[in-house]
Structure formats: C-alpha cells, structure tokens
1. Name every residue in the stretch 174-197 that is out of contact with any strand residue (DSSP E or B) (no Cβ under 6 Å at 6 or more places or on another chain) and open to solvent by less than 20 Å² (accessible area, probe 1.4 Å), in order of residue number.
2. Could you list, in sequence order, the residues of the stretch 208-218 that are over 21 Å from THR160 (Cα atoms) and open to solvent by less than 80 Å² (accessible area, probe 1.4 Å)?
3. Only one of these is of a type in the set (Ser, Thr, Tyr) and touching a His at 6+ places or on another chain (Cβ under 6 Å): SER219, SER188, SER203, SER237. Name it.
4. Between PHE136, PHE116, PHE122, which is within 23 Å of PRO267 (Cβ to Cβ), of a type in the set (Phe, Trp, Tyr), touching a residue at least 40 places away in the same chain (Cβ under 8 Å) and in a helix (DSSP H, G or I)?
5. If I ask for residues that are open to solvent by 30 Å² or more (accessible area, probe 1.4 Å) and hydroxyl-bearing (Ser, Thr, Tyr), which ones from the stretch 42-70 would you list?
6. Could you check, for the stretch 219-241, whether at least one of its residues is open to solvent by less than 80 Å² (accessible area, probe 1.4 Å), modelled with pLDDT under 90 and not in a helix (DSSP H, G or I)?
7. Within the set of pairs 6 or more residues apart or between chains, which connect a residue that is more than 16 Å from ILE40 (Cβ to Cβ) inside the stretch 278-289 to a residue that is open to solvent by 40 Å² or more (accessible area, probe 1.4 Å) and of a type in the set (A, V, I, L, M) with Cβ atoms less than 7 Å apart?
Amino acid sequence: MRFVEHYINYTVIIFINLTSPFSTFHLTGIPGIEEAHAWISIPFCCLYTIALLGNSMILFVIITEQSLHEPMYFFLSMLSATDLGLTVSTMSTTLSVLWFDARDITIDGCIVQMFFLHGFTFMESGVLVAMAFDRFVAICDPLRYTTILTNARITQLGVTMVIRMIVLMLPLLLLFKKLSFCGPNGLSHSYCYHPDVIKLSCSDTKVNSICGLAALILSTGIDTPCIVLSYILIIRSVLSIASPTEQKKAFSTCGSHIGAVAIFYIPSISLSLTHRYGQMAPKIVHTMMANIYLMLPPVLNPIIYSVKTTQLRKVMGKLLLAK
C-alpha cells in the first residue's frame with residue numbers, strides 16, 4: 001500500500017514538472033562535442049570579428065567618402081547595416097554558450113532576439129531586391145539612372161523595408177506571447193529561431209505557423225521572383241548588346257550582387273527545408289545549418305564586394321594606407 005502511495009506521489013510530481021509553465025528556454029551549443037566548445041569558439045570568434053570589422057569598414061568608407069555617394073553604394077551600406085544587425089543579434093547568445101555554457105534565455109529575451117533576427121533577415125531580403133532593381137536600371141535604362149534612383153527614392157525604399165519588417169514581425173511576436181510552454185524547453189540552436197521555438201509549445205500553434213508562412217511569403221516569396229525577373233530582363237538586355245566586351249562588362253557589374261543573393265537564399269532555404277523535412281537528421285546537422293545560415297552572409301558579403309567592386313577597393317586601400 002505504501003509502495004502504491006509513493007508511486008502515485010512520484011507520478012504526480014513528474015506530471016507537475018512536465019505541465020508547469022517555465023520562464024526560460026535552454027539553448028544548444030554543438031551537440032555531441034560539448035567538451036570542445038572552448039576550442040570551437042575560436043573559429044566562431046574569428047568569423048564574428050571578420051563580419052563586424054568588414055561590414056563596419058564598408059559602412060564607414062561609404063559614409064565618409066563623397067565619391068561613393070551613389071545609389072549602388074547606398075544600397076550596399078544598407079546591406080552592411082543589416083549584416084551587422086544579424087551578427088550582433090546572435091553573437092551574444094552563441095558565444096555565451098560556447099564560452100561560459102550559459103544556456104538559459106528568458107522568454108522575453110527570446111522574443112527580443114527573434115524580433116531582430118527575423119526582422120534583419122526580412123530587411124536583407126528587401127535590400128537584395130533593391131540592389132537587383134539598381135542593377136536593372138543601370139544596365140537597361142542607364143540614361144535615366146540618376147533620375148529614377150534619387151536620394152529621396154532611396155530613402156523611401158529604406159523606410160519601406162523597415163515598415164515591412166515591423167508589420168511582418170509584430171503579429172508573429174504578439175501571437176507567440178500568447179503561447180503556453182509546459183514541456184521540454186530545449187532549443188535546437190544557440191539562438192531563438194521562430195519555427196524551432198513554437199515546436200516546444202503545448203498550445204495550438206496552427207495560427208502561429210500560418211502567420212509565419214504568410215510572413216515568409218510576403219517577404220522571401222515576393223522578393224525572390226522580383227530578383228529573378230530583374231535578371232531575366234538584364235540578361236535579355238545584355239544579350240542584345242553587339243559587342244562581347246560590353247556584354248562581359250555589363251555582366252561583371254552584377255557578379256557581386258549574384259554572389260550576395262546566393263549566399264543569403266541558399267542557406268536560408270536549406271535551413272527551412274531541414275526544419276520542415278529533416279526531423280530524422282542528426283542534431284549536429286540542424287546546428288551547423290543554423291550557424292551557416294546566419295554567419296555566411298555577414299562574413300562573405302564584405303569580402304565579395306571588396307574584391308569585385310574596383311572603386312570601393314581603391315578607396316578602402318587609400319584609407320588603410322593613409323592610416
């Protein structure tokens with residue numbers, strides 16, 4: 001009888017622990033090799049340093065150098081700003097996990113991180129569309145380039161990106177705030193990723209999933225076809241140019257932007273597919289995909305544009321030599 005009583009009490013305690021709400025999430029480092037986190041943090045620190053210094057340098061050069069006050073470089077400065085935002089929004093939690101094994105993050109902290117993480121992702125997608133439009137006008141209608149892409153219009157595009165980000169993010173976060181969490185609180189990454197977090201809820205998340213899908217369609221779902229359409233028109237216009245030399249020169253001006261599009265969308269789509277269809281994949285696959293998705297664009301974009309853009313490279317070289 002006493003054994004039955006103890007068993008019932010033990011079961012009740014487990015049930016309470018499983019159903020009681022909690023106020024923190026548990027972040028994940030690199031699963032399976034936790035003892036090597038201190039060593040793994042070294043390449044992470046190097047990549048974060050490259051991202052911060054590279055994007056800060058591009059921003060500084062474009063702001064201070066009068067000769068770079070052109071539409072293409074204004075859009076590049078927006079890209080660097082969003083890359084800095086993406087880097088800073090995840091750097092603190094990732095390095096805290098790797099350095100100090102500080103894995104807990106509050107629900108409110110998670111909401112703030114999701115706002116900036118997904119918000120800057122939406123903004124970067126919008127900037128890439130604006131840069132595609134810039135290349136389209138420069139190649140297909142060069143005589144009207146300065147009259148179409150005025151400073152006022154560029155400012156309007158930037159404000160529109162910010163407004164779209166806020167409009168898409170607020171419903172997601174307000175719906176998230178209403179969810180109840182009562183089971184395991186372990187996340188798959190070292191930061192809060194919306195599809196990963198809502199999986200832990202014991203509430204009905206159908207509306208959250210629909211809202212998340214709608215936000216994705218209204219951002220990437222619209223931006224990707226716009227970029228593709230821009231390049232179809234660019235290719236058609238360039239192929240009509242008689243001289244192969246002029247064709248090569250025109251295509252070379254698009255090389256940096258094509259690289260930026262590839263390193264942004266390929267990891268993003270891969271991570272989404274991994275979360276959607278890769279439930280049976282090892283946890284380390286999810287972790288590595290998540291880190292590549294966030295670290296690749298901020299690290300590679302400054303390198304690509306510094307190497308491929310002659311005018312920017314010359315100005316940066318002058319500033320470094322002057323220092």
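1. Of everything in the stretch 174-197, those that are out of contact with any strand residue (DSSP E or B) (no Cβ under 6 Å at 6 or more places or on another chain) and open to solvent by less than 20 Å² (accessible area, probe 1.4 Å) turn out to be PHE176, HIS189, SER190, TYR191, CYS192, TYR193, HIS194, ASP196, VAL197.
2. Matches in the stretch 208-218: ASN208, SER209.
3. Values: SER219 fails: touching a His at 6+ places or on another chain (Cβ under 6 Å); SER203 fails: touching a His at 6+ places or on another chain (Cβ under 6 Å); SER237 fails: touching a His at 6+ places or on another chain (Cβ under 6 Å).
After applying the criteria, what remains is SER188.
4. PHE122
5. Correct list: THR49, SER56, THR64, SER67.
6. yes
7. Hits for this filter: GLY278/VAL285.
The values are calculated or read from the model by the stated rules, or taken from the named source; none is laboratory data. In this text the structure is predicted, and so the values were computed from the model without any measurement. Here Cβ is always computed from backbone atoms with ideal geometry, including for glycine, and neighbour counts include all displayed protein chains. What goes into the accessible areas is simple: the full protein's heavy atoms, side chains included, and nothing from ligands, DNA or RNA. Shrake-Rupley method; radii C 1.70, N 1.55, O 1.52, S 1.80 Å.
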